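Heads up: the structure comes next, in structure tokens.
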Amino acid sequence: MGEPEPLKFVSLEEEVDYWKEQAAKRQQRAEEVQEELQEFQQMSRDYEVELETELKQCETQNRELVTQNNRLHMELENYKV
């Protein structure tokens, strides 16, 4: 595979227009990608908050179950006596 052929323009104005168009396309794409990144970051933050909330609920439930288990274990020991 060889090098791509250099662009050939009829006039300086044509070349300037070409590069302006290329710059505008790249700028538009950069803005789209930036917007996608911001959306992704917001979704990630939202998901992190959701997971932290769920984790806190699980930790609370776990503590309650451990407490209940200890209480039931004590009751069982009392019945054995």
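The values are calculated or read from the model by the stated rules, or taken from the named source; none is laboratory data. Quick caveat, the model's predicted, so the values are computed rather than measured. With ideal geometry, Cβ positions are generated from the backbone for all residues, glycine too; neighbour counts draw on all protein chains shown.
Restricting the first residue to the stretch 2-15 and requiring it to be modelled with pLDDT of 90 or more, which pairs with a second residue that is in a loop (DSSP other than H, G, I, E, B) meet a Cβ separation below 7 Å and a spacing of at least six or different chains? The qualifying pairs are 15/9.
Of everything in the stretch 10-24 that is surrounded by 10 or more Cβ atoms within 10 Å (Cβ to Cβ) and among the acidic types (Asp, Glu), the residue that is nearest to the chain's Cα centre (by Cα) is 21.
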